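Worksheet: the structure to be examined is printed underneath.
None of the figures in this text is laboratory data; all of them are computed from the coordinates on show. All figures in this text were calculated on a predicted structure; none of them were measured in a lab. All Cβ positions, even for glycine, are placed from backbone atoms using ideal geometry, and neighbour counts span all protein chains on display.
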Amino acid sequence: MDYVSYLDYKGKHKGLLGWILSTDHKRIAILYLVSLVSFFLIAMTIGVLMRLEMLTPGKTIVDPQTYNALFTLHGVIMIFLFIIPGIPVVFGNFFLPIMLGAKDVAFPRLNLLSWYLYIGGAFLVVISLFVGGGPIDTGWTFYVPYSLRTQSNVTLAVFAAFVIGFSSILTGLNFIVTIHRMRCPGMTWFKMPLFVWGLYSTSWIQLLATPVLGITLILIMLERTFGIGIFDPALGGDPLLYQHLFWIYSHPAVYIMVLPAMGLVSEIIPTFSKKDIFGYGPIAMSSLAIAFIGYLVWGHHMFSTGISDTSRAIFSFLTFIVAIPSGVKIFNWVATMYKGSIETRAPFMFVVAFIVIFSIGGLTGLVLGSLNTDIHLTDTYFVVAHFHYVMFGGMGLLFFGGLHYWFPKMFGKMYNERAAKWGLLLFVIGFNTLYFPMFIMGYLGMPRRYYDYLPEYQIYHVISTVGSWILVTGILILVINLIKGLLSKEKYLDPNPWGGTTLEWKVPTPPELENFQEIPTVEHGPYYRDNLIKPENSH
Amino acid sequence: MNNEATIGHAHVHRDDVGSKMGMWLFLFTELLLFGGMFILYASYRFMYPENFKVAAMHLDTLIGSVNTILLLTSSLTVALSIVALQRKQKMFSVFLLMFTVAAGGAFLVNKFFEWSTKIGHGIYPKGPEMANLSDGEVVFYGLYYVMTGLHALHVIVGLIFIGFMIVFILKGKQTFDNHQKLENAGLYWHLVDIIWIFLFPLFYLIH
């Protein structure tokens, strides 16, 4: 072996310091991976407790105030510490430079700073639980006027979200410059892997939407600390303006969450279909289209707040429009599989599960996007079910999918594929048992975030809670299986276990310190296979 | 600088275009940060047109104008300092940056007196005079303190940046053929300037 892998490399610092002071994009990715999975497991545990509380009407295990704190924390941790950073900070950091044929990102030190901001924000969240008025109970949306009035420690919690937002902005900035400046010779824009296009679109949203959330959160802090009248109706402010500013960020944020996941799908499908991607251009452009139109639909979170009919009609129309590029992607993915010689390996199965679950989430999004049905369904469990199908079934599922796809490359180890498939099967069964009844009870009128409910909803709550146990079993199997693979003595040094075509499969496993000894030159598109029979030769 | 040259030496990686691009992207985020505030200003002005007029009459246009002149001049001197450095006039460049710092400092001093006068009159959040004001005026002053305060914070950060540049030039770390950091500091200072150009008419001039 004439190279030193990034895992074995001994730099200026040893042990843990060699990790937390390293500006190597791959080591930073692993730092993020460990942090994200930890936060995911914490928030998942909180979610399981919430489901347990909902098993019976009235009190089951916790009191109402604790329940409010639990759903707020579940949301804040999942959204700000897991889903939004999610795929870009782990797989983006690790693979973006390799896929572009570069030795690192454009600003490696800034990259490390992003991780420190992320971890710093996470610590602030934890501290906010124990000081001041205790755990925040506003829901992850921090709506005024309640967030101005509650005694819980909103000020510190929103400051934590602000700091994490800063981390997100810097990652986005770093990726944009990397993609513009660090592509290897021959890698034109339309020869970039589609995962990179997903990251590129996401980075722009991170960059341009997050500051709006930043200023909104600062205003909440200033209002609570100094009593400045901006949103407080008692001081002439308008709480609806808060909702506007909040969703101007937080709606595009759902595309921050899902676009990289979609990019990942566009990597996995051609690899396991043994085929070039169908419709490279449309998939790449649909990412940009989603990012752009996604800016203009925030009002659909406010259909029942009394905003004008004209604006509601426009927001509803744009919401339908944004479904089109998502549909374009789905059809192109399916068309890629068509007549491919598909290998049903574990990562591919994640993608299949994603397409089904995400389609249910997307279509129910249209039900919520139309004005009439939304009035009936707004703030019910239908909404909860919808966003768990798109967020958890979209980004969450594919986070694990990506982990199973790139695990051998990242660590030079392999997991047990049978166990992974069983874990996934339980995941999918548990997921649908958990969330599908929520569509039904939401349609029947069960409001979200309520601590108590009428007895007729209990059957759905019981099914849902049982589903949460199955889902958690599946997730634990997946996680334990990966950890077991990681700890096993057996090395797995095959540079290309799946037959992938992008650059990361052309470097050794695990990658060496600066990825490439010699910067590669690219001649073909990312999914070009020279062993393929070309159409003109085939008949 | 082309790609091959950039990647050839990862450790001594220097990419001025990339560095400038990063700075511009950061400025976009700053614009959107203030953009959120400008949206609020526009909405509330639309909601309380009469109150906003009354409140705006009580701001001192003279101090505002002096501050505008100070900031515009300081932006000019930053731009000139880059040209001076490119022409290898190192000390002149440092002098121009020091002038910038002085002008920025004077801006902050003016701002301090302006705020203290208002606070002396009891006009500040939860202040004694606020109860006598209409809702729209309370919102106006809320926005006034937050927006000019946030802007002043940016002035301070900008001054620190420029202070570092003075040190870098004196130590020879920023030279006539390697001055991207100075350019980035200049860009940041221009942003501070341009935001003030919008704040000034919105708060002082539109009656």
note = Net charge (Lys, Arg +1; Asp, Glu -1) of residues whose beta-carbon lies under 13 Å from that of A:G401, A:G401 excluded, is +1
remark   = chain B, Gaussian network, Cα under 10 Å: of B:H151, B:H121, B:H179, the residue fluctuating most is B:H121
message = Once each part is reduced to its C-alpha centroid, what is the distance from segment A:269-325 to segment B:169-207 in angstrom?
response = 37 Å
remark   = Residues whose modelled amide H sits under 5 Å from the amide H of A:G237, counting only those 5 or more places away in sequence or on another chain, are A:D232
note = Under the 7 Å Cα-to-Cβ spin-label approximation, A:I314 and B:S43 lie apart by a distance in nanometres of 1.5 nm
ask   = So how far, in whole Å, is the C-alpha centre of segment A:74-125 from the one of segment A:448-513?
value = 19 Å
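Given Cβ point charges of +1 (Lys, Arg) and -1 (Asp, Glu) and nothing else, what value in debye, to the nearest 20, does the dipole of chain B about its Cα centre take? Show your work: numbers first, answer last.
Working: 13 positive and 13 negative charges, 121 e Å.
Approximately 580 debye in magnitude.
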task = Find the centroid of the Cα atoms in segment A:370-419 and in segment A:30-64, then give the distance between the two in whole Å.
result = 16 Å
note = Expected vector for segment A:334-347, Karplus 3J(HN,Hα) from phi with 6.51, -1.76, 1.60 and θ = phi - 60°, integer Hz, x for Gly and Pro, equals 5, 5, 5, 5, 4, 6, x, 9, 7, 9, 8, 7, 3, x
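Tell me what chain B gives for mean residue ellipticity at 222 nm when only DSSP H runs of n ≥ 4 count, each as -39,500 (n - 2.57), the sum divided by the residue total, rounded to 500 deg cm²/dmol.
Details: 7 runs with 161 residues, N = 207.
Value at 222 nm, helices only: -27500 deg cm²/dmol.
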ask   = Residue by residue through segment A:124-131, which ³J(HN,Hα) values in whole Hz follow from phi under the Karplus form 6.51 cos²θ - 1.76 cosθ + 1.60 (θ = phi - 60°), with glycine and proline marked x?
value = 4, 4, 5, 4, 4, 6, 10, 10
remark   = Stokes-Einstein D for segment B:29-205 (20 °C, 1.002 mPa s, Kirkwood Rh from Cα pairs), in µm²/s, comes to 123 µm²/s
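Can you tell me the mean projection area, over all orientations, of the convex hull of segment A:325-467's alpha carbons? Units nm², please. Each step should come with its number before you reach the end.
Values: hull surface 42.2 nm².
Orientation-averaged projected area of the Cα hull: 10.5 nm².
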ask   = Which aspartates and glutamates, on any chain, are close to A:K275 with Cα under 15 Å apart, when same-chain ones fewer than 8 places away are left out?
value = A:E267, A:E343, A:D530
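Can you check what the net charge comes to around A:D238, using other residues whose Cβ is under 14 Å from the Cβ of A:D238 (Lys, Arg +1; Asp, Glu -1)?
After counting each charged neighbour, the total is -2.
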remark   = Per-residue Cβ contact counts at 10 Å, fewest first, order A:T305, A:T344, A:T473, B:T100 as A:T344, A:T305, A:T473, B:T100
task = Report, to two decimal places, the Cα Rg of segment A:53-171 normalised by 2.2 N^0.38 Å (N = number of residues).
result = 1.30
Inter-label distance for B:K88 and B:I119, nm, one decimal - labels placed 7 Å from Cα along Cα-to-Cβ = 5.1 nm
ask   = Could you give me the ³J(HN,Hα) list for segment A:484-496, computed from phi with Karplus coefficients 6.51, -1.76, 1.60 and θ = phi - 60°, whole Hz, x at Gly and Pro?
value = 4, x, 5, 7, 5, 6, 6, 7, 10, 9, 4, x, 9
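May I ask for the net charge around A:L371, where only other residues with Cβ less than 10 Å from the Cβ of A:L371 are counted and Lys, Arg are +1 while Asp, Glu are -1? Walk me through the numbers before you get to the answer.
Values: positive: A:R312; negative: A:D309, A:D374.
Taking every other residue near A:L371 into account, the sum is -1.
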note = Computed about the Cα centre, the charge dipole of the protein assembly as shown from +1 Lys/Arg and -1 Asp/Glu charges at the Cβ has a magnitude in debye, to the nearest 20, of 1460 debye
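Express the relative contact order of chain A as a whole percentage, based on alpha carbon pairs under 8 Å and six or more residues apart in sequence.
Details: 863 pairs, mean separation 96.5, N = 539.
With pairs under 8 Å counted, the relative contact order is 18 percent.
Any idea what diffusion coefficient segment B:27-100 gets from Stokes-Einstein, in µm²/s, Kirkwood Rh on alpha carbon pairs, 25 °C, 0.890 mPa s? Intermediate results must be reported in sequence, preceding the final value.
Details: Rh = 15.5 Å.
The diffusion coefficient I find is 159 µm²/s.
In the structure displayed, which of A:K103/B:K90; A:K26/B:K171; A:K26/A:K489 lie more than 30 Å apart, Cα to Cα?
Working: A:K103/B:K90 35 Å; A:K26/B:K171 35 Å; A:K26/A:K489 22 Å.
Cα-Cα > 30 Å for A:K103/B:K90; A:K26/B:K171; rest within.
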task = Enumerate the amide H contacts of A:N416 below 5 Å, restricted to partners 5 or more residues apart or on another chain; note that Pro and chain-start residues carry no placed amide H.
result = A:G485
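Please state, to two decimals, what the Cα-based radius of gyration of the protein assembly as shown comes to when divided by 2.2 N^0.38 Å (N = residues).
Working: Rg = 27.3 Å, N = 746, 2.2 N^0.38 = 27.2 Å.
Working it through for the protein assembly as shown, the quotient is 1.00.
DSSP loop (so not H, G, I, E, B), at most 10 other Cβ within 10 Å: list which trypsin sites (Lys or Arg not before Pro) in segment A:1-69 pass both filters. Before the final figure, lay out each step's value.
Details: sites: A:K10, A:K12, A:K14, A:K26, A:R27, A:R51, A:K59; in loops: A:K10, A:K12, A:K14, A:K59.
When the trypsin sites (Lys or Arg not before Pro) of segment A:1-69 are filtered for loop state and at most 10 Cβ neighbours within 10 Å, A:K10, A:K12, A:K14 remain.
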Expected 222 nm ellipticity per residue - DSSP helices of 4 or more, -39500 (n - 2.57), all of chain A, to 500 = -21000 deg cm²/dmol
request  = Can you put A:D24, A:D494, B:D193 in order of Cβ neighbours within 10 angstrom, beginning with the fewest?
outcome  = A:D494, B:D193, A:D24
request  = Treating cross-link reach as a plain straight distance, find the lysines whose alpha-carbon is under 20 Å from the alpha-carbon of A:K274, omitting any fewer than eight places away in the same chain.
outcome  = A:K191, A:K329, A:K339, A:K409, A:K506, A:K534
query = Once amide H atoms are placed 1.01 Å from N in the peptide plane, what residues at a sequence separation of 5 or more from A:T380, or on another chain, have their amide H within under 5 Å of its amide H?
reply = A:R448
query = If we count other beta carbons within 10 Å of each Cβ, what is the order of A:T501, A:T66, B:T68, fewest first?
reply = A:T66, B:T68, A:T501
note = log10 I(q)/I(0) for segment A:431-539, Debye formula on C-alpha points only (no solvent), q = 0.11, 0.13, 0.20 Å⁻¹, two decimals, reads -0.72, -0.77, -1.09
